[in-house]
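Enquirer: Would you mind keeping the following structure in view while I ask a few things?
Values in this text are rule-based calculations from the coordinates and carry no lab data. Here the structure is a predicted model, which means the values were calculated and not measured. Glycine also receives a Cβ, built like all others from the backbone with ideal geometry; neighbour counts cover every protein chain displayed.
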Amino acid sequence: MEAAEDWLVESLHLYQDFHAFDLSGATRVLEWIGDKGVFVAGYERLKKNEILHLILPLRLSVKENQGLFPERDFKVCHGGFSDGPIFDLKHVPNTRLLVTSGLPGCSLQVWQISEDSDVIKAVSTIAAHEKEGSLWPRVAVFSSVAPRVLHGVRLSSLTITDLESQKTMYSSGISDSEELSSLQVLDTDIFAFCCTSGRLGLVDIRQKWAPSENVGPNPGSAGGRWCAEVRGKGQAPGPSIASLGSQGHLRLLDPRDLCHPVRSVQCPVSMPSPDPELLRVTWAPVLDNCLAISGFDGTVQIYDVTSWDVTGSQVEPLFTHKGHIFLDGSGLDTPSPVTTHIWHPCKPRTLLSAASDASLQVWDWVDLRASR
C-alpha cells in the first residue's frame with residue numbers, strides 16, 4: 001500500500017495527463033479511427049464479447065489544457081457482439097468496415113459500423129481453407145479504392161482478399177509452415193511479415209513470392225517467440241524495423257539488410273513473457289526515435305533508440321508506465337499483465353494501454369530529461 005501511495009505522489013510529475021477507466025471486459029486490441037476514436041473488443045472464451053467504438057473524453061481531444069470538461073469518461077459511440085474471442089481487429093481506412101480474427105477457426109469476420117444507429121453488425125465471413133486448431137490468423141489491411149485484407153496463420157497460407165468480391169488477389173503459393181506473429185502493410189504494394197521464430201521479410205505483391213528476408217536470430221543467441229513493427233515513412237533516418245523477443249531481446253534492423261541487425265540490446269524485463277501472444281513493440285508516430293514495448297508484466301516501457309550505441313548491452317527505459325500495477329487493486333505480487341498498447345496518432349507522448357483486469361488507461365508521459 002505504501003508503494004502505491006508513493007507512486008501516486010510521484011505520478012504528479014511523471015505525467016502531463018493520466019486517465020484510468022474500466023471496460024466491461026479485458027481487451028487485446030486497440031485500434032484508432034481518426035484521432036478521437038478507438039475500438040476495443042473482448043477476448044474471453046465461451047461467451048459473447050463486446051466490440052466497442054469509444055470516443056475519447058473531450059479533455060483528451062483538445063490541443064491545450066483548457067480546464068475542466070463535463071465529459072470525463074469515454075463515450076460509447078457504436079457497439080456490437082461477437083460469438084467468440086477477438087484477438088485482432090483492423091479498421092479499413094476511409095470505410096465503415098472492420099475486420100476481426102480470433103477463435104475458433106481461421107476465418108475472418110467483416111463488420112460494418114452503422115451510419116444511422118449505434119450498432120456494429122457482422123456482414124460477412126472470409127473463409128479459410130486451413131484448419132489450425134488453437135492458432136488464429138494475423139490481419140492487416142490495404143487502403144485503396146478497392147480495400148483488401150492481408151491474412152494468414154502461416155507463411156504458406158498468406159493471402160490477400162478483396163473485401164467486396166472476396167476474391168483472392170494474391171497468395172504466397174509456398175509450402176513453408178513457419179507460424180506468423182504479425183503482419184503490416186507498408187504501402188499499396190508492399191507488406192512486412194514477422195514469424196514467431198524471429199524471421200522477418202518484406203514482400204512486393206507485384207511479383208511472385210520472393211521476399212527480402214532474414215532467417216531469424218542466430219541459433220542459441222536469443223530464443224523464444226518474436227514480434228516486430230516497421231516505422232512509418234517520413235520519420236527520422238536510421239533503422240526502421242524493431243523486433244522484440246519474449247526474453248526481452250530487442251533488435252533494430254535496416255530493411256536493406258535484414259540479416260545483420262544494426263543494434264541488438266537486452267531490455268530490463270522482470271521475467272520472460274508469460275504469454276508471448278501479448279508481446280508488442282510500437283514506434284512512436286510523432287516522436288522521432290522512440291518506441292514502446294509491453295507483454296512482460298504490468299508495465300509499458302518507452303525507449304529512445306538513439307542512446308543505444310553498444311550491441312549486446314543492457315539498456316534502460318526512458319520511461320516506465322506502472323499505472324496498471326498500482327491501480328489494479330490486486331497487490332504488487334500479482335499485477336495484471338498489460339495486454340496491448342498504442343500511441344496516439346497526433347499527440348507525441350500520449351499512449352493508451354489495456355490490461356487483463358479490463359483496465360484502460362490513457363497517459364501523457366513527461367520526458368524528465370528536458371528538466372535536467
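Enquirer: Let me know the charge dipole size of the chain about its Cα centre in debye, to the nearest 20, where only the beta-carbon of Lys, Arg (+1) and Asp, Glu (-1) is charged.
Expert: It comes to approximately 820 debye.
Enquirer: Please tell me the relative contact order of the chain in percent, rounded to the nearest whole number, where contacts are Cα pairs under 8 Å and at least six residues apart.
Expert: 12 percent
Enquirer: Once the other residues with Cβ under 12 Å from the Cβ of A284 are scored (Lys, Arg +1; Asp, Glu -1), what is the net sum?
Expert: Taking every other residue near A284 into account, the sum is -1.
Enquirer: If the limit is 22 Å between Cα atoms, which of K48/K121; K48/K322; K90/K208; K36/K322; K48/K167 go over it?
Expert: Over 22 Å Cα-Cα: K48/K322; K90/K208; K36/K322; K48/K167.
Enquirer: Under a 10 Å cutoff between Cα atoms, tell me which one of V286, V139, V215 has the largest fluctuation in the Gaussian network model of the chain.
Expert: Comparing V286, V139, V215 in a Gaussian network model of the chain, the most mobile one is V215.
Enquirer: Only Cα pairs within less than 10 Å get springs; with that Gaussian network setup on the chain, which residue of L12, L318, L108 has the largest fluctuation?
Expert: L12
Enquirer: Need the list of aspartates and glutamates near K233 for cross-linking: C-alpha distance under 16 angstrom, and skip anything on the same chain fewer than eight residues off.
Expert: Output for K233: D187, D189, D254, D288.
Enquirer: Can you pull a Stokes-Einstein diffusion coefficient for the chain at 37 °C (0.692 mPa s), Rh from Kirkwood over Cα pairs, as a whole number of µm²/s?
Expert: 154 µm²/s
Enquirer: Check each of the GluC sites (Glu not before Pro) in segment 96-189 and keep only those in coil by DSSP with at most 15 other C-beta atoms within 10 angstrom; list them in order.
Expert: Answer by residue number: E115, E130, E164.
Enquirer: Next question, about the same structure. Counting other C-beta atoms within 10 Å, which of T196, T100, T125 has the fewest, and how do the rest follow?
Expert: T125, T196, T100
Enquirer: Which residue, G245, G201, G34, has the most motion in a Gaussian network model of the chain that connects Cα atoms within less than 10 Å?
Expert: Maximum among the listed residues: G34.
Enquirer: How big is D for segment 77-201, in µm² s⁻¹ as a whole number, if Stokes-Einstein is applied with the Kirkwood radius of its Cα pairs at 10 °C and 1.306 mPa s?
Expert: 107 µm²/s
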